[in-house]
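The values are calculated or read from the model by the stated rules, or taken from the named source; none is laboratory data. Given the structure is predicted, the values throughout are model-derived calculations rather than measurements. Positions of Cβ are generated from backbone atoms using ideal geometry, with glycine treated the same way; all protein chains shown enter the neighbour counts.
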Amino acid sequence: MAQGLNNPAIARRLVVSERTVEGHVRHLLIKLGLAETEDGHRRVLAVLAHLRAAHGHRP
């Protein structure tokens, strides 16, 4: 996700099914506390959380 890949591209790269990727992404978003909303971009928020953690920043 941090590389801008969509689920089908991630699935191809990891040689798993799209459904497997969807499950992992869903669990990742839940762990990050990113609730599903109509106006939110949870994948973008997840990447931002990853970048913050990588640089030692807290959300």
Cross-chain or 6+ apart pairs with Cβ under 8 Å, segment 29-47 first and within 17 Å of Gln3 (Cβ to Cβ), then part of a loop (DSSP other than H, G, I, E, B) and at pLDDT 80 or above: Arg43/Met1; Leu45/Leu32; Ala46/Met1; Ala46/Leu32; Val47/Met1
Long-range neighbours under 8 Å by Cβ, at least six apart or interchain, first residue within 18 Å of Leu45 (Cα to Cα) within segment 1-28, second surrounded by fewer than 12 Cβ atoms within 10 Å (Cβ to Cβ) and at pLDDT below 90: Ala2/Leu51
